[in-house]
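Q: Structure in structure tokens, see below.
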Amino acid sequence: MNPLNPVNAIDTVAARARQARAAGRFGMMFLVVLALTACSALPDKPLRAALYDFGPGLLNTPPATRQAPLPPLALADISTPGGALDNQAVLYRLAYADAQQLRPYSQARWSMPPAQLVRQRLRETLGRDRAVFNAGEGPALNRSAALGPPPRTLQLQLEEFSHLFQSPTSSTGLVRLHATFVENTPSGEKLLAQRYFTVQRPATSADAAGGVRALTAATDAAIEEISQWLQQIP
């Protein structure tokens, strides 16, 4: 080939231009593939834990009755043994494997610690039939005492609040409460009654949502038992 031939020179330049364009397209495709590969290698955005409570409660006002209201009551904060029940984790136990170990569901949380949820539900339920004060509410308790004897005080300890698996496919919501009912006297508290309440309700599914529903039902049943027990104390 004659390097001075104009036709050959033009062909050579055109060929080099085509090669350059091809190389550019290949480079661009390589960068796109590299970017997609890098994106696929990034970790997934962590899922936000589901937040649970006991639901909205009564949606309608219960009908008024002609019965006299029950005596007022002071409700203390619900205590716990400490540890696992002092946070917002939804807990479960595998009774068939290791009943002594409490395990948290990784993607489920209560909206507040269980003791606070139970107290909120208890006050709502007891308040349908009587005035319920917070223990330590001086002005409110003083106003109540002016109308009669000072209110008696209900003290509770939440000892168990877990989704209990008897087998991989059978489970219940387990609630255990220790109740103490005292009368406030000038010389101090006078013990009136004590009782343990242990309630289980079946879970409809072997997951956090099923455990939450079962624990809600068990809590409501335990509160109903406490309400009946209080009415029987002279």
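The values are calculated or read from the model by the stated rules, or taken from the named source; none is laboratory data. Predicted model only: the values in this text are computed from it and were never measured. Ideal geometry is used to build each Cβ from the backbone, glycine not excepted, and the neighbour counts take in all protein chains shown. Surface areas here come from the heavy atoms of the whole protein model, side chains and all, with no ligands, DNA or RNA. Shrake-Rupley method; radii C 1.70, N 1.55, O 1.52, S 1.80 Å.
Q: Just to be sure before I move on: is GLY148 farther than 29 Å from GLN232 by Cβ, at pLDDT below 95 and either of a type in the set (A, V, I, L, M, F, W, C) or out of contact with any Cys (no Cβ under 8 Å at 6 or more places or on another chain) (or both) in the structure I sent?
A: Considered against the rule, which asks whether it is farther than 29 Å from GLN232 by Cβ, at pLDDT below 95 and either of a type in the set (A, V, I, L, M, F, W, C) or out of contact with any Cys (no Cβ under 8 Å at 6 or more places or on another chain) (or both), GLY148 comes out as no.
Q: Restricting to the range 221-234, give me the number of residues that are surrounded by fewer than 20 Cβ atoms within 10 Å (Cβ to Cβ) and out of contact with any strand residue (DSSP E or B) (no Cβ under 8 Å at 6 or more places or on another chain).
A: 5
Q: Let me ask something else about it. Pairs, please: C-beta under 8 Å, at least 6 apart or cross-chain, first residue open to solvent by less than 30 Å² (accessible area, probe 1.4 Å) and of a type in the set (Val, Ile, Thr) and in the range 117-142, second part of a helix (DSSP H, G or I) and modelled with pLDDT of 95 or more?
A: VAL118/THR219; VAL118/ILE223; THR125/ASP220; THR125/ILE223; THR125/GLU224; THR125/SER227; VAL132/ARG123; VAL132/LEU126
Q: If you take just the strands (runs of 3 or more DSSP E) that sit entirely in the range 61-126, which of them hold at least 2 residues that are within 18 Å of the chain's Cα centre (by Cα) and at pLDDT 95 or above?
A: The qualifying strands (runs of 3 or more DSSP E) are 89-94, 98-110.
Q: Need pairs with beta-carbon distance below 8 Å; first residue hydroxyl-bearing (Ser, Thr, Tyr) and within the range 176-191, second open to solvent by less than 70 Å² (accessible area, probe 1.4 Å) and assigned to a strand (DSSP E or B); sequence gap 6+ or separate chains.
A: Going by the 8 Å Cβ cut-off, the qualifying pairs are THR180/LEU154; THR180/GLN155; THR180/LEU156; THR180/ALA193.
Q: Grab the strands (runs of 3 or more DSSP E) fully contained in the range 143-220, keeping just those with 2 or more residues being polar (S, T, N, Q) and more than 23 Å from GLY55 (Cβ to Cβ).
A: By residue number, 152-167, 170-185.
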